[in-house]
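A quick write-up on the structure given underneath.
The values are calculated or read from the model by the stated rules, or taken from the named source; none is laboratory data. Predicted model, so just to flag it, every value in this text is computed and none were measured. Here the Cβ positions follow ideal geometry from the backbone for every residue, glycine too, while neighbour counts run over all protein chains shown.
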Amino acid sequence: MNTTATSAHETPVLNVGLLGAGTVGSQVAHVLLTRGDELALRSGVRLRLCGIAVRDTAAPRDVELPAELLTTDADAVIDAADVVVELTGGIEPTRKRVLRALQAGTSVITGNKALLAESGRQLQDAAGASGAQLSYEAAVAGAIPIVRPMRDSLAGDRVERFLGIMNGTTNFVLDQMDTTGAAFEDALAEAQRLGYAEADPTADVEGHDAAAKTAVLASLAFHSSYTIEDVHCEGITGVTAEDVAAAREAGYVIKLLSVGERCGDGVNLRVNPVMIPREHVLGGVHGAYNAVFVEAAAAGSLMFYGQGAGGEPTASAVLGDLVSAARAIALGAQGIPLADYAALPAVSMDDVTTRLAVTLAVTDRLGVLARLAQVFADHGVSISTMQQSEDPRVTGTSLLRLVTHSGRHADLMATVEALRSLPVVRDVVSVTPVETGE
Ligand code: HSE
């Protein structure tokens with residue numbers, strides 16, 4: 001970086017190399033090109049966009065970008081930069097490029113949750129070895145400041161757990177199902193029509209995107225290194241309109257929750273559709289919005305809420321990292337290494353304390369309830385509430401909706417399997433964990 005000002009009024013210059021000019025990248029470039037003076041005043045450094053690496057320089061873009069900055073040579077952009085902003089996504093060749101920058105001592109800002117959740121430790125090590133900064137506010141919950149609060153603001157506290165709605169696509173789909181009674185497929189089609197869901201929605205609806213974010217956030221919250229493999233992951237494709245309606249009737253709403261919580265001597269990380277009380281703060285998160293609810297020993301409950309995706313909101317998080325990195329570089333500061341000294345193991349779902357809402361289709365005849373209740377008692381699982389109605393689909397069959405008291409997840413699931421094997425149980429219609437928020 002040319003940090004030596006040649007006169008009292010000259011601002012040092014920092015070369016910013018941008019990898020990717022999609023929805024977020026083009027917004028970042030636009031702000032750098034149009035609001036440079038303002039950013040220079042904030043960071044004490046002039047942020048000079050020195051190159052934009054793209055796959056196709058002629059592709060149409062959301063924002064017009066100077067042709068002379070566009071190139072397909074990513075390595076040349078990296079080598080010319082003082083800071084690299086990586087917004088291409090994917091694992092390879094992105095990992096090699098990010099490593100190339102970090103190993104050369106060039107700080108990197110990325111929104112790539114998949115890469116961080118797979119190779120975060122490797123990238124952190126490379127940054128630590130060269131003193132470069134690795135910043136990734138945009139990787140978790142888009143515009144919402146949550147990475148920096150978790151890493152810095154709560155560094156003196158003890159995070160007990162976080163519960164997050166960290167995928168806007170699935171929150172939109174579940175919210176549509178809840179508010180309109182739509183089936184999953186119809187709500188997803190609406191999300192695609194409105195641009196909230198990709199043509200291939202797999203990463204969102206199967207929970208992979210939320211699981212990657214959970215691993216990244218948990219690594220900071222619990223001072224340990226986690227990968228996506230440590231996260232128990234279930235998506236929302238099995239959630240039916242009937243499940244959503246039954247939850248609504250009982251005062252709950254179904255959300256795809258990302259949870260990281262202390263569990264025994266370790267931490268359980270999970271992403272799954274759960275019922276939460278409508279009055280819980282996360283129950284009021286509608287549409288494609290994201291939110292993260294954090295419980296810390298001293299701070300108590302904290303709620304972070306905002307837009308989790310989209311060009312401008314995500315660019316806001318990237319630019320915040322960029323101004324921050326520029327300030328640090330101007331001061332000659334090194335990057336902050338990930339404090340993963342705690343090395344808390346990832347604990348399996350089996351040992352998590354939870355509650356289940358179970359819907360059973362059962363033969364409607366004398367003694368059936370007593371038989372079912374015995375199975376619960378045999379497994380040491382206590383029933384909290386039970387509702388019975390006629391199954392409109394099959395005559396002579398009742399629908400039983402049971403909610404258990406808290407128990408070990410493995411014991412609750414063993415109870416469900418024992419119920420499934422009873423001749424009087426025609427179908428286990430649904431099994432949904434209940435998150436009370438307590
Ligand atoms: N597809 C994500 C979402 C945004 O729907 O929230 C990027 O992670």
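Select the strands (runs of 3 or more DSSP E) contained entirely in the stretch 12-116, then report the ones holding at least 2 residues which are within 25 Å of VAL147 (Cβ to Cβ) and in contact (Cβ under 8 Å) with a residue 40 or more places away in the chain. Reasoning before the result, please.
Numbers: elements: 13-19, 46-53, 83-86, 107-110.
It comes to 13-19, 83-86, 107-110.
Within the group ASP243, ASP204, ASP209, which residue is of a type outside the set (Val, Ile, Thr) and farther than 19 Å from ALA138 by Cβ?
After ruling out the rest, the residue left standing is ASP243.
Kindly provide the set of residues from the stretch 230-246 that are buried (at least 18 other Cβ atoms within 10 Å of the Cβ), in a helix (DSSP H, G or I) and more than 17 Å from the chain's Cα centre (by Cα), ordered by number.
Those that are buried (at least 18 other Cβ atoms within 10 Å of the Cβ), in a helix (DSSP H, G or I) and more than 17 Å from the chain's Cα centre (by Cα): ASP243, VAL244, ALA246.
May I ask you to verify whether VAL274 is touching a residue at least 24 places away in the same chain (Cβ under 8 Å) and assigned to a strand (DSSP E or B)? Step through it out loud before you land on a result.
Working: touching a residue at least 24 places away in the same chain (Cβ under 8 Å): yes; assigned to a strand (DSSP E or B): yes.
Against the criterion (touching a residue at least 24 places away in the same chain (Cβ under 8 Å) and assigned to a strand (DSSP E or B)), VAL274 qualifies.
Yes/no per residue for (1) within 22 Å of HIS30 (Cβ to Cβ); (2) within 16 Å of the ligand (Cβ to nearest atom); (3) within 20 Å of the chain's Cα centre (by Cα); (4) among the hydrophobic types (A, V, I, L, M, F, W, C):
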site	(1), (2), (3), (4)
GLU68	yes, no, no, no
LEU87	yes, yes, yes, yes
LYS96	no, no, no, no
THR110	yes, yes, yes, no
GLU118	no, yes, yes, no
GLN122	no, no, no, no
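Going residue by residue through the stretch 245-252, is there one that turns out to be within 16 Å of the ligand (Cβ to nearest atom), in contact (Cβ under 8 Å) with a residue 12 or more places away in the chain and outside the structural domain of ASP391 (by the TED database)?
Step one: filter the stretch 245-252 for residues within 16 Å of the ligand (Cβ to nearest atom), giving none.
Checked the stretch 245-252: no residue is within 16 Å of the ligand (Cβ to nearest atom), in contact (Cβ under 8 Å) with a residue 12 or more places away in the chain and outside the structural domain of ASP391 (by the TED database).
Which of the residues that make up the stretch 247-258 are surrounded by fewer than 22 Cβ atoms within 10 Å (Cβ to Cβ) and not acidic (Asp, Glu)?
Applying the first criterion (surrounded by fewer than 22 Cβ atoms within 10 Å (Cβ to Cβ)) to the stretch 247-258 yields 248-251.
Listed by number, the residues that qualify are ARG248, ALA250, GLY251.
A quick yes/no check of all residues on (1) assigned to a loop (DSSP other than H, G, I, E, B); (2) touching a helix residue (DSSP H, G or I) at 6+ places or on another chain (Cβ under 6 Å); (3) under 23 Å from ASP243 (Cβ atoms):
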position	(1), (2), (3)
LEU344	yes, no, no
VAL362	no, yes, yes
LEU369	no, no, yes
LEU372	no, no, yes
SER384	no, no, yes
GLN387	no, no, yes
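Being touching a strand residue (DSSP E or B) at 6+ places or on another chain (Cβ under 9 Å), among the small types (Gly, Ala, Ser) and part of a helix (DSSP H, G or I) is true for just one of ALA191, ALA138. Which residue is that?
Details: ALA191 fails: touching a strand residue (DSSP E or B) at 6+ places or on another chain (Cβ under 9 Å).
Testing whether each residue is touching a strand residue (DSSP E or B) at 6+ places or on another chain (Cβ under 9 Å), among the small types (Gly, Ala, Ser) and part of a helix (DSSP H, G or I) leaves just ALA138.
Taking the conditions exactly as written (farther than 23 Å from GLY251 by Cα and not in a strand (DSSP E or B)), does THR395 satisfy them or not?
Details: farther than 23 Å from GLY251 by Cα: yes; not in a strand (DSSP E or B): yes.
Yes.
What is the one condition in (1) hydrophobic (A, V, I, L, M, F, W, C); (2) more than 16 Å from the ligand (Cβ to nearest atom); (3) more than 13 Å from the chain's Cα centre (by Cα); (4) crowded, with 24+ Cβ neighbours inside 10 Å that ALA182 does not satisfy?
ALA182 satisfies all of (1) hydrophobic (A, V, I, L, M, F, W, C); (2) more than 16 Å from the ligand (Cβ to nearest atom); (3) more than 13 Å from the chain's Cα centre (by Cα); (4) crowded, with 24+ Cβ neighbours inside 10 Å except (4).
If GLU261 satisfies all but one of (1) touching a Cys at 6+ places or on another chain (Cβ under 7 Å); (2) in a strand (DSSP E or B), what's the number of the condition it fails?
(1)
If a residue has to be away from the ligand (no atom under 16 Å from the Cβ) and more than 26 Å from HIS280 (Cβ to Cβ) to count, how many in the stretch 293-320 make the cut? Write out each step before concluding.
Of all residues in the stretch 293-320, those away from the ligand (no atom under 16 Å from the Cβ) come to 293-303, 319-320.
Those left that are additionally more than 26 Å from HIS280 (Cβ to Cβ): 319-320.
The number of residues fulfilling the criteria is 2.
Residue by residue through the stretch 344-379, note down the ones that are under 18 Å from VAL428 (Cα atoms) and acidic (Asp, Glu). Full working, then the answer.
Step one: list which residues in the stretch 344-379 are under 18 Å from VAL428 (Cα atoms), which gives 355-365, 368-376, 379.
ASP364, the sole residue that qualifies.
Report, by residue number, each residue of the stretch 67-109 that is out of contact with any strand residue (DSSP E or B) (no Cβ under 9 Å at 6 or more places or on another chain) and of a type in the set (Val, Ile, Thr).
Across the stretch 67-109, the qualifying residue is only ILE91.
Taking the stretch 153-193, which residues are closer than 13 Å to ALA288 by Cα and either free of Cβ contacts under 8 Å to residues at least 12 places away in the same chain or aromatic (Phe, Trp, Tyr) (or both)?
PHE172, GLN192
Name the residues in the stretch 194-235 that are away from the ligand (no atom under 15 Å from the Cβ) and out of contact with any helix residue (DSSP H, G or I) (no Cβ under 9 Å at 6 or more places or on another chain), would you?
Matches in the stretch 194-235: PHE222, HIS223, GLU234.
Which of the residues that make up the stretch 320-347 are at pLDDT below 95 and polar (S, T, N, Q)?
Listed by number, the list holds a single entry, GLN334.
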